[in-house]
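Notes follow the structure.
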Amino acid sequence: MTGINRRAMLAAGAAAGALPWRSARAQAANTIKIGVLNDQSGLYRDVNGPGSVVCVRQAIADLGLAARGINVEVVVGDHQNRPDVGVNITRQWIDRDGVDMIIDVPTSSVALAVNTVVREKNKVYINSSGATSDLTGSACSPNTVHWTYDTYMLAKSTGGAMVRAGGDSWFFITADYAFGHALERDTGNFVRAAGGRVLGQVRTPFPGTTDFSSFLVQAQASRAKVIGLANAGGDTINSIKQAAEFGVTRRGVKLAALLMFISDVHSLGLQTAQGLVCTETFYWDLNDRTRAFTGRVVPNMPQGLRPGMAQAGCYSGAMHYLKAVMELGVAAAKADGAATVARMKAMPTEDDAFGAGSIRVDGRRLCPAYLLEVKTPAESRGPWDYYKLLQTTPADEAFRPLAEGGCALVRS
């Protein structure tokens, strides 16, 4: 009798243990893991940082995936704007933690490095914040979608507008890494194509530079009509502040903020930023849908910030990826990143942040580009009412022509 009871107890214990194990295994098989990789603590924190994480989580909530039986886990990494750190996090996430998709990744040098690893591992990479147009050119990948903006689009929109306004001679203050080089290159090409001249450039160390005074002196000495700021985030803020202190614009020189975000304008204040022209693909107050999206995320945004285009791109990109997962099924999406990206390209994009769009074969997501001017304090109607729309470049004209990128995925 004792033996029978012991066997019964062992069998009951085994059965009890099997149920949670099977449940956990089934849950893991039906779980998608997204890694938000960005600058959580440095000069791009307000541009990306925790705000990008909030926007990814909002996309998951808006899709109601839990009711569909799909679990989504979000992990967060700080790449510190260093390619080696970004690569190490990416490898650990994929090899150890089973991450299926990586999103955001500002700092073009990090973006290009992560691009290589994700292709090697056959996962999915949605870049919202790395600007280099090489991601859909020489470095294009079947596993990558470049979502929000790039250096070609910024150069064409902001740079082209400055040249048309009479700014036909330029001097660049350029962040000395892949992003700055690409933005200077692409803008310089537009300036020269329009009959303008590039009189010189200076490369500023990245990261870590806060004093731009000597670089501004060199720019002024060139007698260029336009000083092109081929930098971003804290570098752009410091450059503009110090240019104002030096009275650069009072001497008739124009500043071209080639990549500026609404969080930068907020940091500068309208008194300093007024009149600056920039290009974004998202503005929170653009229409009813952008305002509705912003209303959902603002309660969770850090320090009451409004989402900028890079953060909104994380919402939009995550949502489209998860829609593809729903169509393919979790198991198929987890098994083949390139196939998931192919499905994403076959589907039109649609969300409250950007409206309708599409993804080209080279991985370039197409959307309109908006040329914006920072309002004066008198023009602003209230908090975060910072921009007025100057012109819209349609989606099919905003980005580099497909045949000109040199992407190996494009058949001649």
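Per-structure values
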quantity: Failed item in (1) hydroxyl-bearing (Ser, Thr, Tyr); (2) closer than 27 Å to Leu305 by Cβ; (3) open to solvent by 50 Å² or more (accessible area, probe 1.4 Å), with Thr116 passing the rest; calculated: (2)
quantity: Top-ranked residue in segment 295-330 [being closer than 27 Å to Asp150 by Cα and part of a loop (DSSP other than H, G, I, E, B); ranked as most open to solvent (accessible area, probe 1.4 Å)]; calculated: Arg306
quantity: In segment 235-252, residue least open to solvent (accessible area, probe 1.4 Å) [restricted to those that are among the charged types (D, E, K, R) and free of Cβ contacts under 8 Å to residues at least 12 places away in the same chain]; calculated: Glu245
quantity: Candidates Ala221, Ala292 - the one that is free of Cβ contacts under 8 Å to residues at least 24 places away in the same chain and open to solvent by 20 Å² or more (accessible area, probe 1.4 Å); calculated: Ala221
quantity: Residues of segment 201-246 classified as within 17 Å of Gly269 (Cα to Cα) and acidic (Asp, Glu), total; calculated: 2
quantity: Selected residue (criterion: modelled with the lowest pLDDT) from residues of segment 134-172 that are among the charged types (D, E, K, R) and within 15 Å of Leu366 (Cα to Cα); calculated: Lys156
quantity: Within segment 247-279, tally of residues that are of a type in the set (D, E, K, R) and in contact with a Ser or Thr (Cβ under 9 Å, 6 or more places away or on another chain); calculated: 1
quantity: Which listed residue is surrounded by fewer than 21 Cβ atoms within 10 Å (Cβ to Cβ) and within 22 Å of His320 (Cβ to Cβ), from Gly382, Gly355; calculated: Gly355
quantity: For Ala346: the one exception among (1) over 18 Å from Tyr149 (Cα atoms); (2) over 22 Å from the mean Cα position of the chain (by Cα); (3) surrounded by fewer than 18 Cβ atoms within 10 Å (Cβ to Cβ); calculated: (2)
quantity: Number of positions in segment 322-362 that are at positive phi and of a type in the set (Val, Ile, Thr); calculated: 0
quantity: Some residue of segment 90-106 being closer than 28 Å to Pro205 by Cα and open to solvent by 10 Å² or more (accessible area, probe 1.4 Å); calculated: yes
quantity: Single residue of segment 182-195 satisfying the filter (free of Cβ contacts under 8 Å to residues at least 40 places away in the same chain and over 14 Å from Thr158 (Cβ atoms)) that is surrounded by the most Cβ atoms within 10 Å (Cβ to Cβ); calculated: Arg185
quantity: Test: Ala333 is out of contact with any Cys (no Cβ under 6 Å at 6 or more places or on another chain), open to solvent by 30 Å² or more (accessible area, probe 1.4 Å), at pLDDT 95 or above and not basic (Lys, Arg); calculated: no
quantity: The listed residue being over 15 Å from the mean Cα position of the chain (by Cα) and either among the hydroxyl-bearing types (Ser, Thr, Tyr) or buried (at least 19 other Cβ atoms within 10 Å of the Cβ) (or both), out of Val72, Val87, Val54, Val36; calculated: Val72
quantity: Criterion violated by Ala131 - all others in (1) open to solvent by less than 30 Å² (accessible area, probe 1.4 Å); (2) within 23 Å of Gln391 (Cα to Cα); (3) part of a helix (DSSP H, G or I) satisfied; calculated: (3)
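The values are calculated or read from the model by the stated rules, or taken from the named source; none is laboratory data. Predicted model, so just to flag it, every value in this text is computed and none were measured. No Cβ is skipped: glycine too gets one built from the backbone with ideal geometry, and neighbour counts run over all protein chains shown. Note: areas computed on protein heavy atoms with side chains; ligands, DNA, RNA excluded. Shrake-Rupley method; radii C 1.70, N 1.55, O 1.52, S 1.80 Å.
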